[in-house]
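Written below as structure tokens is the structure these notes are about.
The values are calculated or read from the model by the stated rules, or taken from the named source; none is laboratory data. These figures come from a predicted structure and were not determined experimentally. Because the Cβ atoms are built from the backbone with ideal geometry, glycine has one as well, and the counts that use them run over all protein chains shown.
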Amino acid sequence: MEKGHRLMQYWLFKSEPNVFSFDDLTAKGDKGEEWDGVRNYQARNNMRAMQLGDRGFFYHSNIGKEVVGVVEVIALAHPDSKSDDPRWECVDIKAIAPVIRPISLDEAKAEPRLSQMVLVNNSRLSVQPVSAEEFATILELAGGLKG
DNA sequence: GCCAACGTTGGC
DNA sequence: GCCAACGTTGGC
């Protein structure tokens with residue numbers, strides 16, 4: 001592997017679908033959208049660690065409580081345009097595709113291979129890392145991506 | 001709608 | 001730098 005590169009990493013972004021859903025992100029097309037509004041250091045630090053091309057799940061919290069699609073990081077962490085406080089940064093993401101079958105939190109909790117997943121163990125972290133194995137497991141359970 | 005879990009704030 | 005008070009998230 002070349003210097004300065006690393007393997008793709010995987011993440012999970014939570015959003016309440018009545019506020020901003022995966023369909024809303026999809027509607028933004030290839031220019032995607034700023035993942036603004038994060039006001040939690042751990043979540044921000046996760047976004048700072050992201051690199052272009054990293055992929056993640058889009059999770060609907062509160063309503064649905066399920067993984068609904070896959071996204072890609074298209075801009076590195078930069079100041080959150082919705083905040084006057086320079087501490088808060090965010091990346092931009094775009095939608096890649098919805099999963100064929102959404103995977104609910106209950107299903108993730110019931111899957112032994114996902115027992116270490118942050119989603120299952122820390123319900124309050126809104127931007128979280130996902131291991132390559134966890135990413136593959138959820139995609140497998142979901143039957144892959146649409147399209 | 002409740003509330004547990006967790007994070008942040010601010011007084012000391 | 002501790003910790004009580006407070007606010008928020010998000011599952012239930």
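Data table
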{"read-out": "Hey, A:LEU25 outside any loop (DSSP other than H, G, I, E, B) and within 14 Å of the chain's Cα centre (by Cα) or not", "value": "yes"}
{"read-out": "Selection status of A:LEU7, at negative phi, modelled with pLDDT of 95 or more and part of a loop (DSSP other than H, G, I, E, B)", "value": "no"}
{"read-out": "Identity of the residue in segment A:4-49, closer than 18 Å to A:LYS82 by Cα, without any contact (Cβ under 8 Å) to a residue 60 or more places away in the chain and hydrophobic (A, V, I, L, M, F, W, C), that ends up farthest from DNA strand B (Cβ to nearest atom)", "value": "A:PHE20"}
{"read-out": "Cβ pairs under 8 Å, 6+ apart, first in segment A:66-88 and under 12 Å from A:VAL38 (Cβ atoms), second aliphatic (A, V, I, L, M)", "value": "A:ALA77/A:MET47; A:ALA77/A:MET50; A:ALA77/A:VAL91; A:ASP80/A:VAL38; A:TRP88/A:VAL38"}
{"read-out": "Residue in segment A:29-37 that is more than 11 Å from the chain's Cα centre (by Cα) and in a strand (DSSP E or B) present", "value": "yes"}
{"read-out": "Restricting segment A:89-111 to residues that are in contact (Cβ under 8 Å) with a residue 60 or more places away in the chain and among the charged types (D, E, K, R), the residue that is surrounded by the fewest Cβ atoms within 10 Å (Cβ to Cβ)", "value": "A:LYS94"}
{"read-out": "Candidates A:LYS94, A:LYS82 - the one that is over 14 Å from the mean Cα position of the chain (by Cα) and either modelled with pLDDT of 95 or more or not polar (S, T, N, Q) (or both)", "value": "A:LYS82"}
{"read-out": "Hits in segment A:24-41 - residues which are surrounded by 13 or more Cβ atoms within 10 Å (Cβ to Cβ) and away from DNA strand C (no atom under 11 Å from the Cβ)", "value": "A:ASP24, A:LEU25, A:THR26, A:LYS28, A:GLY32, A:GLU33, A:GLU34, A:TRP35, A:ASP36"}
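Residue by residue, here is whether (1) within 16 Å of DNA strand B (Cβ to nearest atom); (2) buried (at least 17 other Cβ atoms within 10 Å of the Cβ) holds:
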{"position": "A:PHE58", "(1), (2)": "no, yes"}
{"position": "A:ARG87", "(1), (2)": "yes, no"}
{"position": "A:ARG113", "(1), (2)": "no, no"}
{"position": "A:VAL120", "(1), (2)": "yes, no"}
{"position": "A:ARG124", "(1), (2)": "yes, no"}
{"position": "A:VAL127", "(1), (2)": "yes, yes"}
{"position": "A:GLU133", "(1), (2)": "no, no"}
{"position": "A:ALA142", "(1), (2)": "no, yes"}
